[in-house]
């Protein structure tokens, strides 16, 4: 990655041991989530659908009602504030201001009844002491920055007059209008055409470089991860199973789930055998193994795996994996490890 | 916009013609001979023949229909067989009373139903929601005539605060007019408020789950802005349609309520006309009601159009 990130800088957002439980659920929906992002850094949270990526993001934004999702443990330090402790009102003052979020569904994420210019201006007016005219000016400037052609004539458009890609650009403009310190992007390209996906990812990356915003990108698209991540955090069934610099995760994955994930990625080149897939399914929340949640699907599972929860062990420079037997090649020297993409 | 309204008006014409045929045929199917009613007690055969000739009752039904339509298009709704007053004048007398009652009832319905609906949707599953639903269900189940009688007994007879019946035009004495109308308007309004509350609640529940409401919260907007500006605005569409239809129904006359409070409105007019086989009045009132209903539908469509940008640009 060519970005200049000061690795000694203090993280803007630092999540420690976050655990959430839905009301009445028998187990935590997410547990032991820890990560940090520095200014200008991109952290990708990866995992299959339902692994708790979005829940993590929404809880940090305070967008999960606390009556529904209870914080069981953890802290989320954002500057001097613990996001998990803030009052609704204090959290609302931060949202859209210093911490912003864009969502998966650009088609439905904009209010159909209001002009896009007004929707962008609204977030500026909410958090900054500016006049309506200044907020509108800012909206225009943001539309320009997200590269919406003829921005000034688009300002008074309604969402239905824009394509999905354009609407996601508007969402990005809205999220970045107040120059937030952290931008959380929850699968921002999943609902878009492939060609548009690349444009949106490039745009986010470019804007991030300009503004120095820390980016938390939630995705299940490893292509996106390879393109923009500085660090990767892999989640499985609500647990963090591995995290580390993007190179380490791609070149030297240590958790059996990450290894499986990497070998699920199709690559261009001569075909050799079937596309690899991880067998089995994610266990349901009421049927979670008490130890490592990947046990039922893990080809390397041993008897103690289902019983005790492995801690996140440091395996290399800021590279951690939660597996009793990591690094696997030292424990299972005879195992044949598939190269990523083969 | 104007072309849209014009188009809707053109569509209304066949509907009105259909209604007129329906009204006319139904009248003809009713037992009872208008000539007998007109002739009164004497039943002199010569008199009957004269009446039949005069009112063209011997002509084929189709011709009778065309005579009626032709007169109606010229603004002549005929003459009441009973009071000998032009039907148009009768309607002109009674309609303002009913409109006043309907408007007051709608204001009460909005003032109660919409806030209650929003509140119970936002506080879904809490005591507030249950209480609002219970009150709404009571409002729907309590018959208007019973509530009316109870109110008269309590407020007029017992407490002596308001007159039990009668009508005063607001142009004569606005205060007195308000006093005579507030109780019947309340009776009608609370029943409508219950319907309105239920619809507002379900529309709000749908909208509150929408992604753009989450976006509004993600922007840090305060909860009342999220609910009123972002959610309620989008829940308005079904509420507008419902309100227009409810208002249309009110215009058709609240028969029972008008009877109980002896308000000389549309409802009373039509009941009296039916009982005395006053065909001309029944026909005129029904046509007028149908036109009012169609007009309210048009108003709903226009409001829909104004509230929904997706419709605006599709034209």
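The values are calculated or read from the model by the stated rules, or taken from the named source; none is laboratory data. Note that the coordinates shown come from a computational prediction; the quantities given were computed from them, not determined experimentally. A quick note on method: Cβ atoms are made from the backbone with ideal geometry, for glycine too, and the neighbour counts reach across all protein chains shown.
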Query raised in the report: Taking segment A:108-129 on its own, how many of its residues are at the interface with chain B (Cβ under 7 Å from one of its Cβ atoms), over 25 Å from the mean Cα position of the chain (by Cα) and surrounded by fewer than 18 Cβ atoms within 10 Å (Cβ to Cβ)?
Result: 1
Requested in this report: Give B:250, B:242, B:228 a once-over and let me know the one that is more than 12 Å from every other protein chain (Cβ to nearest Cβ), over 20 Å from the mean Cα position of the chain (by Cα) and outside any loop (DSSP other than H, G, I, E, B).
Outcome: B:228
Report summary line: Conditions (1) touching a residue at least 12 places away in the same chain (Cβ under 8 Å); (2) over 18 Å from residue B:260 (Cα atoms); (3) not in a helix (DSSP H, G or I) -> residue B:140 fails only (3)
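Evaluate the following for residue A:333: is it more than 24 Å from the chain's Cα centre (by Cα), surrounded by fewer than 14 Cβ atoms within 10 Å (Cβ to Cβ) and modelled with pLDDT under 85? Don't jump to the end; show me each part of the working.
Details: more than 24 Å from the chain's Cα centre (by Cα): yes; surrounded by fewer than 14 Cβ atoms within 10 Å (Cβ to Cβ): yes; modelled with pLDDT under 85: yes.
Answer is yes for this residue.
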Query raised in the report: Would you call residue B:231 more than 23 Å from residue A:183 (Cα to Cα), surrounded by 21 or more Cβ atoms within 10 Å (Cβ to Cβ), free of Cβ contacts under 8 Å to residues at least 40 places away in the same chain and touching a helix residue (DSSP H, G or I) at 6+ places or on another chain (Cβ under 9 Å)?
Result: yes
Query raised in the report: When you look at residue A:172, is it crowded, with 21+ Cβ neighbours inside 10 Å and within 14 Å of chain B (Cβ to nearest Cβ), yes or no?
Result: yes
**Report entry** The one condition in (1) out of contact with any helix residue (DSSP H, G or I) (no Cβ under 9 Å at 6 or more places or on another chain); (2) assigned to a loop (DSSP other than H, G, I, E, B); (3) modelled with pLDDT of 85 or more that residue B:221 fails to fulfil
**Finding:** (1)
Query raised in the report: Which one of the conditions (1) over 30 Å from residue B:284 (Cα atoms); (2) in contact (Cβ under 8 Å) with a residue 40 or more places away in the chain does residue B:266 fail to meet, given that it meets all the rest?
Result: (1)
Report task. May I ask you to say which residue of A:291, A:273, A:244 is loosely packed, with under 12 Cβ neighbours inside 10 Å and either at pLDDT below 80 or not in a helix (DSSP H, G or I) (or both)? Result -> A:273
Query - The one condition in (1) more than 9 Å from chain A (Cβ to nearest Cβ); (2) without any contact (Cβ under 8 Å) to a residue 12 or more places away in the chain that residue B:208 fails to fulfil - result: (2)
**Report entry** Check on residue A:75, within 30 Å of residue A:232 (Cβ to Cβ), more than 8 Å from chain B (Cβ to nearest Cβ), surrounded by fewer than 20 Cβ atoms within 10 Å (Cβ to Cβ) and modelled with pLDDT of 90 or more
**Finding:** yes
Query raised in the report: In this structure, is residue B:155 surrounded by 13 or more Cβ atoms within 10 Å (Cβ to Cβ), free of Cβ contacts under 8 Å to residues at least 40 places away in the same chain, assigned to a helix (DSSP H, G or I) and out of contact with any strand residue (DSSP E or B) (no Cβ under 9 Å at 6 or more places or on another chain)?
Result: yes
Requested in this report: Please work out if residue B:283 is in a helix (DSSP H, G or I) and either within 10 Å of the chain's Cα centre (by Cα) or surrounded by fewer than 19 Cβ atoms within 10 Å (Cβ to Cβ) (or both).
Outcome: no
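Whether any residue in segment B:86-100 is under 30 Å from residue B:174 (Cβ atoms) and not in a helix (DSSP H, G or I) is what I want to check.
Keep residues of segment B:86-100 that are under 30 Å from residue B:174 (Cβ atoms), which gives B:86-100.
Adding the requirement that they be not in a helix (DSSP H, G or I) leaves B:86.
Among the residues of segment B:86-100, at least one is under 30 Å from residue B:174 (Cβ atoms) and not in a helix (DSSP H, G or I), which makes the answer yes.
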Query raised in the report: residue A:96 versus (1) surrounded by 23 or more Cβ atoms within 10 Å (Cβ to Cβ); (2) away from every other protein chain (no Cβ under 14 Å); (3) under 18 Å from residue A:181 (Cα atoms): which is the lone unmet condition?
Result: (2)
